[in-house]
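Since the structure comes first, as structure tokens, the remarks are kept for the end.
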Amino acid sequence: MLRLVGAILLSVCVSWSVTADKDEEKSVEALNVATELVVQHSGENNPVTLKKLSSDIERAWREFGKYYPEDHILMARFSLLRARSLYASGKLQKAVAAWQFALQSQPVATEPSIRIQLLTEAASASSDAGVYEKAAEYFAASRALAAQRGKEVAHSQLYLRLKELDTIGQGLEWRRLNDALLDLRKFSQQFVIWSSPRLDALLGEAELRFRFQPNTDEKRLDLAALKAQIELSQKGLADNVGPMQLERLRTLFYALEDHWQL
């Protein structure tokens, strides 16, 4: 009897040992696969490549999560890679949750400029998924960070507000969007008419009104007034109009001519 009990205990110990060894092998493999993905692709921003990687990343994510805690040193970069791959593959609802987790996983000491960039990415993903409240929350956080940077604060806040309205504008009722545009116009008036930030603001408002304002006589008058101010700003800047601004300006003017005979 004692021999039988001893044999059973020995068998159990051996089984536990084998299981532990297998778990250790799997945990090491999971870490190696996740590390390789992060090292090779954490800076990837090509949506085609990210989409192709999505299934491999999800598989590696599941395995990694079995053996390692959420505060693992690799998690900050791995979670960002996963959020971007989910977004690129069109899994928008999963991407919203993944972005929320990725933002929470970033180190406290992350540079404000990098955190602003990540918040903007997360906001775009949330907006595309129709989660406009979350997108607005991310943009508000990014503007708060911009206010702490100490230089070109107003320009940064202006850019972020323009980006926010461009991103979530389709999810806003027109009266709310119109109020936001009027607030933006007032804010931008701290910049002189011949400055690059003011031209950005004028172009941004005109583009948003062209896309979202109801087609009425009032819209035509608003767009005509904005076009006149854009032309004034462009003349003041002369050769200092940036190539991207110039391309936006031409595209807008073609659209105004074609659709509103302006």
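Just checking the listed ones, Leu160, Leu246, Leu74: in the Gaussian network model of the chain with Cα springs under 10 Å, the one fluctuating most is Leu246.
Counting only alpha carbon atoms, the long axis of helix 112-128 and the longest principal axis of the chain meet at about 90°.
List the lysines whose Cα lies under 20 Å from the Cα of Lys186, skipping any in the same chain that are fewer than 8 positions away. Answer for Lys186, where 20 Å is the Cα cut-off: Lys163, Lys219, Lys227, listed by chain and number. Positive end of the dipole of the chain (Cβ unit charges, origin at the Cα centre): among Val39, Ser196, Thr167, the Cα lying farthest that way belongs to Thr167. Note on region 48-183: dipole from Cβ charges, positive end direction compared against Phe78, Ile114, Ser127; the farthest Cα belongs to Phe78. Computing Rg and Dmax of the Cα atoms in Å for the structure here picks out one of (1) 21.5, 64; (2) 17.8, 54; (3) 26.2, 101, namely (3).
Sites listed here are GluC sites (Glu not before Pro) in region 69-136 whose DSSP assignment is loop and whose Cβ has at most 14 other Cβ atoms within 10 Å: Glu70. Converting phi to 3J(HN,Hα) with the Karplus coefficients 6.51, -1.76 and 1.60 and the offset θ = phi - 60°, region 53-67 yields 7, 4, 5, 5, 5, 5, 5, 5, 4, 4, 5, 4, x, 6, 10 Hz in sequence order, with x at every glycine or proline. When the square roots of the Cα gyration tensor eigenvalues are ordered a ≥ b ≥ c, the ratio a/c for region 118-256 is 1.5 or more and a/b does not exceed b/c, which makes its shape oblate. Taking Ala95, Ala136, Ala228 as the candidate residues, the one with maximal mean-square fluctuation in a Gaussian network model of the chain, Cα springs under 10 Å, is Ala228.
Mean-square fluctuations from a GNM of the chain, with a 10 angstrom spring cutoff on Cα atoms, peak among Ser85, Ser126, Ser188 at Ser188. Below 14 Å, Cα to Cα, which aspartates and glutamates can Lys26 reach? Residues fewer than 8 away in the same chain don't count. Answer for Lys26, where 14 Å is the Cα cut-off: Glu63, listed by chain and number. Each residue of region 69-81 was assigned a 3J(HN,Hα) from its phi angle through the Karplus expression (A = 6.51, B = -1.76, C = 1.60, θ = phi - 60°), giving x, 5, 9, 4, 4, 7, 5, 4, 7, 5, 5, 5, 4 Hz with x at Gly and Pro.
Computed about its Cα centre, the charge dipole of region 25-112 is approximately 380 debye, with only Lys, Arg, Asp and Glu carrying charge at their Cβ. How tilted is helix 132-146 with respect to the longest principal axis of the chain? Cα atoms for both, answer in degrees (0 to 90, nearest 10). Its long axis makes an angle of about 80 degrees. Backbone phi angles across region 34-40, fed through the Karplus curve with coefficients 6.51, -1.76 and 1.60 (θ = phi - 60°), yield HN-Hα couplings of 5, 4, 4, 4, 5, 4, 7 Hz in residue order; Gly and Pro are listed as x. Placing unit charges on the Cβ atoms only, positive for Lys and Arg and negative for Asp and Glu, gives the chain a dipole magnitude near 180 debye about its Cα centre. For Gly130, no residue has an amide H sitting under 5 Å from its own, ignoring neighbours fewer than 5 places away on the same chain, with H placed 1.01 Å from N.
Estimated from helices alone, the mean residue ellipticity of the chain at 222 nm is -27000 deg cm²/dmol (sum of -39500 (n - 2.57) over DSSP H runs with n ≥ 4, per residue).
Normalising the average separation of contacting C-alpha pairs (under 8 angstrom, six or more residues apart) by the number of residues puts the relative contact order of the chain at 10 percent.
Each value in this text was obtained by applying a stated rule to the coordinates, not by laboratory testing. All of these numbers come straight from a predicted model, not from anything done at the bench. Positions of Cβ are generated from backbone atoms using ideal geometry, with glycine treated the same way; all protein chains shown enter the neighbour counts.
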